Structures are given as C-alpha cells and as structure tokens.
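Q: I'd like to ask you about the structure that follows.
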Amino acid sequence: MGATIAPDRILHEMADLWVSLGKQGEGETGVLRACSMTLVVAAEESDDEQAIGETLAALMPEHPSRAIVIRFRAEDRRALSARVFAQCWMPFGHRQQICCEQIEVTASDASLPDLAAVVLPLKVPDLPVILWCRSPRVFRLAAFPLLSAIAQKVVIDSNAFGAPAAAMQELNALVAEERSLADFSWTRLTRWRELIAQIFENKAQLANLPRVSEIGVTYSSSTPTASAYYMAAWLVDGFQKAGGAARVKFASTPGPADRQLNRIDLRAQNGESIASVGLVEGQAAEIRVGGLTSRAVLPPLTDYALMREELSIPSRDPVFERALAAAARLALS
Amino acid sequence: MSLENPFQDPLRFERRVPECAMVIFGAHGDLTKRKLLPALYRLAYERRLDAGFAVLGISRTPMTDDLFREKMCASVKQFLEDSPFDADVWTAFAQGLFYMPGDIDNPGLYAALDARLKEIEAARHTGGNVLFYLSTQPSQYVPIAQGLGAANVGKGQGWRRIVIEKPFGHDLASARELSDQLHKAFEESEVYRIDHYLGKETVQNILALRFGNGIFEPLWNRRYVNHVQITAAESIGVEGRGAYYQEAGSLRDMIQNHLSQVMATIAMEPSATFRPNSVRDERSKLLRSIRIMKPEEVLQNTVAGQYGPAHIGGEDVPGFRQEPGVKPDAQTNTYAAVTFFVDNWRWAGVPFYLRSGKRLPKRVTEIAIQFNAAPLAIFNGNEVNTAPNLLILRIQPEEGISLKFLSKRPGSGMQLRPVSMDFNYGSSFGERSPTAYETLLLDAIIGDATLYTRQDMVEASWNVVDAIQHVWDATKFEFPNYAAGTWGPQAADEMLARRGHVWRQP
C-alpha cells in the first residue's frame, strides 16, 4: 500500500478510463456518462466488498454517481491506495452502455485526516456529496468530522451501533450541528408508518385518535431497538399533535431476527384495540382496524432499498429530526 | 376545527388516499377483468387503498359475492402485469369485493344499490364516498346516470364521482347531449372522463420535462420547432371488434381523444399552478386554438386509409374488409393522418402531424419534436452534418425520452455523427411504473382530475375532428390503400412532402 494517493493521478486515470470505454464502443454509438452526485461509502476493509459493489450497481441506474468507496483498516500507520473502474449497464434497446465511475480507496485509520483532501478534489462539481458510513467504528473516529464535513448528507445505520440510547445521543448531536442526517433504522419504518398514517386517513378512525392512550411497541430482541424508539417517539408526537396523550409500552416477543419491529398496538384507556399493525407469517403485515383486517406486503428491506429512499431525499428531513430528538429522550428515560 | 391526520409525511409517503367504495357497472366485462381489478389489486398490494376499500360489481349475470371474488381472483392472476400475486393480500382485498346482479334499465336496481351501499358503508367505514365506474357500452352511460339520479344515489353524505370511458359521443352534438344527460345527476366536477393515454408515465412526464426544466421551454415555440409528429401505431388489426370499429374508425377512435390530448399536453401554455383545473384550462385553450379546417382544406391536410390483405412473416393477414363483421365495401378509416395548425403566437405556422393506424409495422406510440436545423452548415462533408435535432418522447411500448444531436466523430477530420441520449423509465427508475389505470383510478379516488378530460376539452376536439369527418363522410375513398404491415398510404407521405417533411419511422 502506498503512503499517499494523488487526486490528480486518480482524475487522470478516470480520463483514461473514459477514453478506453469510448474505444470499446467505437463504431457503435459510444458510451454515455451519467452522474447525479458523488456518493462516498465509508466501510471497514472486512466489510463485504461484493455486497457493497452490488448495492452500488443497483443504485446506479436511478442515481448515477461518481462512487468513492473508502475501505478502512484499523492501523496506526498512515497508508492510502486507490484504483478506478467503471460501473456500466446496458439500458433498453442494447444500443449504448451507460457508465458511472467508481474509485476504490483503501485507507488506514491513521490516514483519515488526509482523506478529506483526497475526496474534495474528486467530488463532482456542482452536484451533492452523500456520505454513507457503514461502520460505527469509523463514524466514531476523531477525524471523521473532517470527512463528513464535505458531505451534504450523512447516512448511517444505528442498528449496527450497539446500544441505541448512546447511538441516538451521537446522532442527535450531529443534527444539532445543522447537518443533514439519515438513519436506516428510521428508513426501515417508512412502510410501517405509512400503514399507520393510512389508517387515520379514514375519517371514522381519525375521530378515534384522541382515544388512544397506550402505544404498544413490540420487537424480538431483548431490549428495544433503535427502530422501536423511533416508532414510539413518532407516534407519541403524532398523538400529542392531535391533542391526545399516549404512554408507550415496550415489549419483547419472539419474531424474525432480521426485523427491528414486530408489532404496533394502539389501545384505548379501557384496553379496547383501536388499531394494530403486526408482522404475520412470510413477508406480510396484518392491519386490524375497526373490525376489518387487511394485509400488506412488508418485505425486509435491503441496503439498496434503504439507500434508494434516502438518496431521493437530498434535503433535511424535519419529521426524522423531530423523531430522533424525541427518541433520544425516550431512550434515556 | 376538524382534526388533521398528524401522521402524514409528504417527504416519504405516497399521496393520501381517502376511504371509499367503488361501484363498477359492467363488472363481468373485459375491461373490469383485464384492467380495473388488476389495477385495484395492485394498489392494494402497494398499500395505497384504505383498509375498508370496497368494490361493488354490477352486471346482468347472476352471481354471488363469493363467485364474483373467485372470478376476479382468476382475472387478476391472469392479467396482472409485472407483479407478483400474493394470496394473503388478495384474501384481505377480496373481503371488500361485493356483487349484485341487475338490469340497468330496471329502476329497482338503483334502490337496491342504495341499500347495499349503505350496508357496505356501515361495515367497511367507507365514509359515504362512492366512485361509480361505467365499464359498459357507451349507450348505457345515460340510462345509468339517469337511474342513479332518479334514486338519488348520485348524491350523498360523502363525495360522489362518476368515471366514463371513451367514446364521449360520436360527434360534437352527441358529446354535448351525453354531458347534458350526465349533468342531470352529477356536476361536471364529479364527471371523470378517462383517457388512459394521459395516465401513462411519459405523458405525465411531458409536463415535468416542459415545466420542471428551464432549458426546454425557451425552445418550445415556432422559432425553434420545425414540426411535431405524433404517432400511435398498432401492429394488430381490429381483433374481432370489426363491427364496432367500422362505425368508429381511426379518426374518431384515436385522433379525437388520445392523440388530441397528447398534442394538447405537448403544446399547451404553462399553467400557473399544478391544480387540476389550472392544467385542464390550458389543455382546453390549446384544443380550442387548433385551426378548424375549411371543407376545401380537408383533403389536402388529411389522409384516410384502410389496410388491405398482405402476407406477413409467412402468414396471410386479412384486409379490413375481410375481417369478421365488416362490410365488404366498408369505407372505415383504419388509418388516419392529419396536419393540424395551432393558431396562437407560440405555434403559428408549425405543423403538427398526427397519425394513427392499425396493421402498421409495429406497435409504437411516440411524439417526435423536430427542431430547426442549424442556420448554417459549416461542417462540409456529408448530409448527416445537417441532420436536425430530435426530441423523442416514447409513450409505448417502452416509455422514455431520447434527444438526438450531432457529435464529432473521433479522428482528425470534422465528420459529424448523430448520437442519442436516452432516458428510459423501465431501466432508469429501479421500480416498475404504475399502469395507466392504477394512476387514473387513484387520481379519481383522491379527486385529482388533472389527467381526466373535461367537457370543454371533449367538445373542442370534436369541433376540430367533425370538420374532417364531415368531408370524409361525403368522400368515396379508394380503399384499401395500404397493405397490412406497411407504414400507411402513400398519400400520407405526400402530405408531409408538400411541406418538405418526412415521417419518422419509429
């Protein structure tokens, strides 16, 4: 591994790459270069390289980007190396390939302070920079803010952070610095939240909303997950807005290990069920409301699906930020 | 103060969908089986419908609720496009499917319907909101509307809307008569005239392309646009609908509605807001600005065609007159091409060529906007150096947008070559696009009429088409005048050639 990498050299290699891709397409219709952002992925060196590559490849058609994948090694020696290649796909008609650039950087922890100076010249001008930090360890490195300062939005998954209460305090601190942040533990809740919101689009059910006095949040782990805290905080906030006051009751029941949430119950003071949404067998969720039962497909979400949703929201998300602040308080209480 | 749903998150959630029941007249028909129920199931699968959403199917065939559910289940499995069938989702969705047999001419049907709707409302909390969908013969629209009006089912505690399919009359007078009759039971704002072309993603994307970007609109006028071609080609014939089709023809069946609406979307002025009536006002204004041809101008600016027999791909293909149910001397146009001009400052002098036909070489619908060539050809070499820029909006089969422009061929010389920049809905957005019926049904439930046709729009397009149809009706054409599997009559090429233009071959 070399001690340093020169951004100019990487840019030069990328220019060569396009010439080479152009030659491959000569006589045909060439290749089309597409870019809507710079996507920086910070991951551990031990992270699944193939999985990251597949996720980026899946994202490219909808969010073509210059991807910079930085793989970190826990090492005190300052070391950096890089290679460039292209992610290409053939759209309809098989006439012309569309290609995006990908730069892979390997870095030691000690070289993190140098990385901002490498990434800055490599970002595509005039387009947003999104930083997807897959490693809690890297997120917590002292020099991480130097890297995250370049990004308009930082995406993390607090589910990987261990203790949710501590993770939420850290994230809340970042939001307090006016940073745009996304947390997959929140993104995973979108479909759940949409089902609950849809229940109260019905005027008869909306009238029942102030009657809700207890929110049951059930998960399969031994302690509440970050998603459970988010959901509870979001619901409490909603009921408060509607002039109600509901207390949260967390509970653990056996359920699929890959889910952070099993069931939501909204109950009245007398124990009557106002509405519930719960996972049932397979990939389905059962919605019970007003004596009616319906089912919706609620498959586990891949990194691709989560990232895709977050990339479609380039701005700050006020609903998430409010839920994060409330969840952080709830997790401490 | 009414309570607002505090859980909405517009940044992440889809549009809000109110509770309602949908009544489908013609529930045993092809449209219900092939399009409506698959679209509704798909909306349920996507969690877009209220948990209590209910469908009440009505047709003559005696059937129980359970048998209706079974039949609809089979249809959904058969006609669901690009989607998995989930038995659990279906089971829950099917609990909201109900059926009642009845004759639309029987006033008792509507009293029974009223009672059944009240039962459904109580059981499924549909809030008194009802969407009536007339998936029937057009001749039944008026009796149904009258029946609903007489039994007072057209009004109620919640909202009431009625959706009708084309044709909206067969000429201006009959279109007006239809609207007048519908208005006896429903306000115009409650009448949703469906044009499934407007529900297609690319047609909606025309609005995004034109009014969401700053670079196209300055070019979108007579100064830069040379002409516009709108093509809706079908490779199939009349497929057993010969008897119906010989009364309609391509001009009425396609150009009066689908293609006129597409043209209006391409050429309309920007609306001040994206509210339904604001957008529809602009579409309507554009349709009213299309120059109505004088009788002596019609044959110069239009071409009627009818396909004859041919041998395609080793198979004998019958001509239109050989199709079952078609008269051997039918004067029906299975192909229609027209040249429209828009009399406003933006488009004065720019021809809009519209064509539609059956038994053409391929199934394709597209809009091609040809821009003026560069004013000076400074790159000598070959004729490609002056090829015009084209913006192509593909509506089907693959929805997408292409921009064709010239680029320097690599090398020492200054040779240019056309290149294409393509955007495709299927491959550019990772998820499937909703079908036109999913979009339009959801719009009707939400009460968004942007993509539906209003009475004044229907009348404006009939006004333009009637002027052509009257001359065609009085003309004896030498049919057939194009062979199945070709791009239409020679006269259509000549119509463009008179202005120095050539049809694109998509």
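The values are calculated or read from the model by the stated rules, or taken from the named source; none is laboratory data. None of these values were measured; they are calculated from a predicted model. For neighbour counting, all protein chains shown are included, and Cβ atoms are generated from backbone atoms with ideal geometry for every residue, glycine included.
Q: Among the numbered conditions (1) of a type outside the set (Ser, Thr, Tyr); (2) part of a helix (DSSP H, G or I); (3) in contact with a Gly (Cβ under 6 Å, 6 or more places away or on another chain), tell me where A:Glu286 comes up short.
A: All conditions are met except number (2).
Q: Being basic (Lys, Arg) and crowded, with 18+ Cβ neighbours inside 10 Å is the filter here, so list the residues in the stretch B:286-318 that pass it.
A: Correct list: B:Arg288 only.
Q: Which residues, taken from the stretch A:223-238, are surrounded by fewer than 22 Cβ atoms within 10 Å (Cβ to Cβ) and within 13 Å of chain B (Cβ to nearest Cβ)?
A: Scanning the stretch A:223-238 gives A:Val236, A:Asp237.
Q: Follow-up question, since we're still on this one. Can you report the number of residues in the stretch B:3-47 which are under 15 Å from B:Leu441 (Cβ atoms), within 12 Å of another protein chain (Cβ to nearest Cβ), in contact with a Ser or Thr (Cβ under 9 Å, 6 or more places away or on another chain) and among the aliphatic types (A, V, I, L, M)?
A: Residues flagged as under 15 Å from B:Leu441 (Cβ atoms), within 12 Å of another protein chain (Cβ to nearest Cβ), in contact with a Ser or Thr (Cβ under 9 Å, 6 or more places away or on another chain) and among the aliphatic types (A, V, I, L, M) within the stretch B:3-47 amount to 1.
Q: So, of the residues in the stretch B:219-245 that are touching a helix residue (DSSP H, G or I) at 6+ places or on another chain (Cβ under 8 Å) and part of a helix (DSSP H, G or I), which turns out to be surrounded by the most Cβ atoms within 10 Å (Cβ to Cβ)?
A: Taking the candidates together, the pick is B:Tyr245.
Q: Moving on to the next point. Any residue at all in the stretch A:308-324 that is of a type in the set (Val, Ile, Thr) and part of a helix (DSSP H, G or I)? Spell out how you get there, then give the answer.
A: Step one: of the stretch A:308-324, the residues of a type in the set (Val, Ile, Thr) are A:313, A:319.
Still in the list and also part of a helix (DSSP H, G or I): A:319.
Scanning the stretch A:308-324, I find at least one residue that is of a type in the set (Val, Ile, Thr) and part of a helix (DSSP H, G or I), so the answer is yes.
Q: Consider B:Ser250 against the criteria (1) modelled with pLDDT under 90; (2) part of a helix (DSSP H, G or I); (3) of a type in the set (Gly, Ala, Ser): it satisfies all of them except one. Which criterion is unmet?
A: Condition not satisfied by B:Ser250: (1).
Q: Can you tell me which of A:Glu214, A:Glu201, A:Glu194 is more than 14 Å from every other protein chain (Cβ to nearest Cβ) and touching a Lys or Arg at 6+ places or on another chain (Cβ under 7 Å)?
A: A:Glu214
Yes/no matrix, rows are residues, columns are (1) within 20 Å of B:Ala444 (Cβ to Cβ); (2) surrounded by 22 or more Cβ atoms within 10 Å (Cβ to Cβ); (3) touching a residue at least 60 places away in the same chain (Cβ under 8 Å); (4) of a type in the set (S, T, N, Q):
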position: B:Glu165; (1), (2), (3), (4): yes, no, yes, no
position: B:Gly169; (1), (2), (3), (4): no, no, yes, no
position: B:Ala173; (1), (2), (3), (4): no, no, no, no
position: B:Leu178; (1), (2), (3), (4): yes, yes, no, no
position: B:Ala185; (1), (2), (3), (4): yes, yes, no, no
position: B:Gln204; (1), (2), (3), (4): yes, no, yes, yes
position: B:Arg210; (1), (2), (3), (4): no, no, yes, no
position: B:Glu217; (1), (2), (3), (4): no, no, no, no
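Q: Select from the stretch A:189-202 the residues that are part of a helix (DSSP H, G or I) and over 22 Å from the mean Cα position of the chain (by Cα) and write down the one among them that is farthest from A:Lys249 (Cα to Cα).
A: Out of the qualifying residues, it is A:Gln198.
Q: Shifting gears a bit: Among the residues of the stretch A:212-226, are any at negative phi and out of contact with any strand residue (DSSP E or B) (no Cβ under 9 Å at 6 or more places or on another chain)?
A: Checking the stretch A:212-226: not a single residue is at negative phi and out of contact with any strand residue (DSSP E or B) (no Cβ under 9 Å at 6 or more places or on another chain).
Q: OK, next. Taking the stretch B:48-73, which residues are more than 14 Å from chain A (Cβ to nearest Cβ) and in a strand (DSSP E or B)?
A: B:Leu56, B:Gly57, B:Ile58, B:Ser59
Q: Of the residues that sit in the stretch B:76-89 and are buried (at least 19 other Cβ atoms within 10 Å of the Cβ) and in a helix (DSSP H, G or I), which one is farthest from the other protein chains (Cβ to nearest Cβ)?
A: Taking the candidates together, the pick is B:Val76.
Q: For the list (1) free of Cβ contacts under 8 Å to residues at least 12 places away in the same chain; (2) of a type in the set (Asp, Glu); (3) assigned to a strand (DSSP E or B), I need the number of the one condition that B:Glu366 fails.
A: Failed condition: (1).
For every residue, the table says whether it meets (1) among the charged types (D, E, K, R); (2) in contact with a Lys or Arg (Cβ under 8 Å, 6 or more places away or on another chain); (3) over 23 Å from A:Thr187 (Cα atoms).
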{"site": "A:Ser108", "(1), (2), (3)": "no, yes, yes"}
{"site": "A:Ala116", "(1), (2), (3)": "no, no, yes"}
{"site": "A:Asp126", "(1), (2), (3)": "yes, no, yes"}
{"site": "A:Cys133", "(1), (2), (3)": "no, no, no"}
{"site": "A:Pro136", "(1), (2), (3)": "no, no, no"}
{"site": "A:Arg140", "(1), (2), (3)": "yes, no, no"}
{"site": "A:Phe161", "(1), (2), (3)": "no, no, no"}
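Q: Further question on the same structure: Can you find even one residue in the stretch A:194-201 that is touching a helix residue (DSSP H, G or I) at 6+ places or on another chain (Cβ under 8 Å), under 17 Å from A:Arg316 (Cβ atoms) and in contact (Cβ under 8 Å) with a residue 12 or more places away in the chain? Spell out how you get there, then give the answer.
A: At the first step, the residues of the stretch A:194-201 found to be touching a helix residue (DSSP H, G or I) at 6+ places or on another chain (Cβ under 8 Å) are A:196, A:199-200.
Right, trim to under 17 Å from A:Arg316 (Cβ atoms) and you get none.
No, because not a single residue in the stretch A:194-201 is touching a helix residue (DSSP H, G or I) at 6+ places or on another chain (Cβ under 8 Å), under 17 Å from A:Arg316 (Cβ atoms) and in contact (Cβ under 8 Å) with a residue 12 or more places away in the chain.
Q: Among the residues of the stretch A:274-312, which ones are loosely packed, with under 14 Cβ neighbours inside 10 Å and more than 11 Å from chain B (Cβ to nearest Cβ)?
A: If the condition is that a residue be loosely packed, with under 14 Cβ neighbours inside 10 Å and more than 11 Å from chain B (Cβ to nearest Cβ), then A:Pro300, A:Thr302 are the ones that fit.
Q: So which of B:Gly413, B:Gly426 ends up being modelled with pLDDT under 75, surrounded by fewer than 19 Cβ atoms within 10 Å (Cβ to Cβ) and under 30 Å from B:Val76 (Cα atoms)?
A: Result: B:Gly426 is the single residue among B:Gly413, B:Gly426 that is modelled with pLDDT under 75, surrounded by fewer than 19 Cβ atoms within 10 Å (Cβ to Cβ) and under 30 Å from B:Val76 (Cα atoms).
Q: Tell me, which strands (runs of 3 or more DSSP E) lie completely within the stretch A:203-282 with 2 or more residues that are small (Gly, Ala, Ser) and either modelled with pLDDT under 90 or out of contact with any helix residue (DSSP H, G or I) (no Cβ under 8 Å at 6 or more places or on another chain) (or both)?
A: Once the strands (runs of 3 or more DSSP E) in the stretch A:203-282 are filtered for at least 2 residues that are small (Gly, Ala, Ser) and either modelled with pLDDT under 90 or out of contact with any helix residue (DSSP H, G or I) (no Cβ under 8 Å at 6 or more places or on another chain) (or both), what remains is A:212-219, A:247-252, A:273-279.
Q: Taking into account only those residues within the stretch B:91-108 that are touching a residue at least 40 places away in the same chain (Cβ under 8 Å) and within 9 Å of another protein chain (Cβ to nearest Cβ), which is surrounded by the fewest Cβ atoms within 10 Å (Cβ to Cβ)?
A: B:Ala92
Q: Give the residue, chosen from A:Ser333, A:Ser315, that is within 14 Å of chain B (Cβ to nearest Cβ) and of a type in the set (S, T, N, Q).
A: The match here is A:Ser315.
Q: Select from the stretch B:72-90 the residues that are charged (D, E, K, R) and touching a residue at least 40 places away in the same chain (Cβ under 8 Å) and write down the one among them that is nearest to B:Ile144 (Cα to Cα).
A: Among those that are charged (D, E, K, R) and touching a residue at least 40 places away in the same chain (Cβ under 8 Å), it is B:Glu81.
Q: Mind checking which residues of the stretch B:13-45 are assigned to a loop (DSSP other than H, G, I, E, B), without any contact (Cβ under 8 Å) to a residue 60 or more places away in the chain and surrounded by 21 or more Cβ atoms within 10 Å (Cβ to Cβ)?
A: None - no residue of the stretch B:13-45 is assigned to a loop (DSSP other than H, G, I, E, B), without any contact (Cβ under 8 Å) to a residue 60 or more places away in the chain and surrounded by 21 or more Cβ atoms within 10 Å (Cβ to Cβ), so the list stays empty.
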